[in-house]
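A short write-up of the structure that comes next.
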Amino acid sequence: MTIIQTPQELQELLKNETQSIGFVPTMGALHHGHLSLIERSVKDNELTIVSIFVNPTQFLEGEDLDKYPNKFDADEKICKIAGVDILFYPQKEDMYEDDEIKVIAPNIRGFVLEGAMRPGHFDGVLTIVMKLLNIVSPTKAYFGKKDAQQLSLISQMVRNFCMKVEIVPLETVREDDGLALSSRNIYLDKAQRKEALKISSSLKKATQTVMQGNLNVKEIQEEMEKVLSPLNVEYISIVSRAFIPQKEIVIGDSIILVAAKLGQTRLIDNLWI
Ligand code: PAF
């Protein structure tokens, strides 16, 4: 596995590359969720490139940028064992200059839910993903469905800017007890970790309600609220795949999303119906 630090070196290395390239962008602190993306890329492509970059522009003032877990040594081993060919590990100065042109999230879909709670977050995500996709020029890029809104906006960016990459969405990976894997789970103490299970339990409750034939969004949200209580819930939302709010679940076109805070830690989870 080759480790590359600058966009210029990576582009030089790839300039005559004709093999299919799978790309997995990450912020490091890799877990089984990332591993499932990497394994799929290794299976689908001749070359796999993983990036590790904690992108400062997607963190808001007061968020966890400074304490975001850095586990480079462990991440490097995971990538090597998983069969990654190139690990791209740039520093901030390699990726940004002053007073840059940015990609701006769309007015409606970019500013609901995560975009409303974290205004400006998606501008940062889209800008860095645009840069990374341009540097790597992958055949396919892999993203988890856990960050559903991010996935939807990146897919829209690729469509709107006529980019050639294929975006491949993959299922959320969970602990045995249902907690969705996230690099931020390590912030949780034992009691918070237990409380956090209410998030996936509320989604299970929603599934049961839908399976019993109740497609009414308000009633499903009320059932979920009961399961989530007394967590500090930021939103429970049911939207279409295009992130338009729905009054009734549409099988095959609904996503149920939850965001809640456990102490200082924000967790998100969702269910695609
Ligand atoms: O999902 C993430 O880890 C990040 O938002 C991403 C896509 C790597 C961009 O920094």
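Read-outs throughout are calculated quantities, based only on the coordinates presented, and are distinct from any laboratory measurement. Worth saying up front: this structure is predicted, and the values here are computed from it rather than measured. A quick note on method: Cβ atoms are made from the backbone with ideal geometry, for glycine too, and the neighbour counts reach across all protein chains shown.
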* To do: Write out, first by first residue and then by second, each pair whose Cβ atoms fall under 9 Å of each other, whose residues are 6+ apart or on separate chains, and whose first residue, in the range 128-151, is on the phi > 0 side of the Ramachandran plot while the second is away from the ligand (no atom under 11 Å from the Cβ) and part of a helix (DSSP H, G or I).
  => Ser137/Gln11; Ser137/Leu14
* To do: Considering only residues that are acidic (Asp, Glu) and in contact with a helix residue (DSSP H, G or I) (Cβ under 9 Å, 6 or more places away or on another chain), look in the range 157-187 and name the one that is farthest from Phe143 (Cα to Cα).
  => Asp177
* How many residues, within the range 86-114, are in contact (Cβ under 8 Å) with a residue 40 or more places away in the chain and part of a helix (DSSP H, G or I)? -> 5
* Among the residues of the range 143-165 satisfying the criterion of being more than 10 Å from the chain's Cα centre (by Cα) and not in a helix (DSSP H, G or I), which is farthest from the ligand (Cβ to nearest atom)? -> Cys162
* Structure fact -> Residues of the range 31-84 being of a type in the set (D, E, K, R), out of contact with any Gly (no Cβ under 8 Å at 6 or more places or on another chain) and surrounded by fewer than 17 Cβ atoms within 10 Å (Cβ to Cβ), in sequence order, are Lys43, Glu46, Glu61, Glu63, Asp64, Asp66, Lys67, Asp73, Lys77, Lys80
* From Ile220, Ile154, residue being in contact with a Phe, Trp or Tyr (Cβ under 8 Å, 6 or more places away or on another chain) and within 30 Å of Asn107 (Cβ to Cβ) -> Ile154
* Would a scan of the range 125-145 turn up a residue that is more than 27 Å from Val239 (Cβ to Cβ), of a type in the set (A, V, I, L, M, F, W, C) and surrounded by fewer than 19 Cβ atoms within 10 Å (Cβ to Cβ)? -> no
* Would you mind listing the strands (runs of 3 or more DSSP E) fully within the range 166-273 where at least 3 residues are within 26 Å of Val24 (Cα to Cα) and touching a residue at least 24 places away in the same chain (Cβ under 8 Å)? => 166-170, 255-262, 265-272
* Among (1) surrounded by 13 or more Cβ atoms within 10 Å (Cβ to Cβ); (2) more than 24 Å from Ile49 (Cα to Cα); (3) in contact with a Phe, Trp or Tyr (Cβ under 9 Å, 6 or more places away or on another chain), which single condition is Ile108 missing? -> (1)
* How many residues are acidic (Asp, Glu) and either in contact (Cβ under 8 Å) with a residue 60 or more places away in the chain or under 13 Å from Glu171 (Cα atoms) (or both) if we restrict to the range 40-52? -> 1
* To do: Please verify whether the range 46-61 includes one or more residues that are over 29 Å from Glu114 (Cα atoms) and out of contact with any strand residue (DSSP E or B) (no Cβ under 6 Å at 6 or more places or on another chain).
  => yes
* To do: Tally the residues that are away from the ligand (no atom under 14 Å from the Cβ) and of a type in the set (A, V, I, L, M), restricting the search to the range 40-59.
  => 2
* May I ask you to say which residue of Gly22, Gly62, Gly28 is away from the ligand (no atom under 16 Å from the Cβ) and either more than 19 Å from Val129 (Cβ to Cβ) or of a type in the set (Gly, Ala, Ser) (or both)? => Gly62
* **Among (1) among the acidic types (Asp, Glu); (2) within 15 Å of the ligand (Cβ to nearest atom); (3) on the phi > 0 side of the Ramachandran plot - the single one Asp94 does not satisfy** => (3)
* Structure fact -> Wholly inside the range 1-85, helices (runs of 4 or more DSSP H) that include 3 or more residues that are acidic (Asp, Glu) are 72-82
* Among the residues of the range 78-123, write down those that are closer than 27 Å to Arg266 by Cβ and among the β-branched types (Val, Ile, Thr). => Ile78, Val103, Ile104, Ile108, Val112
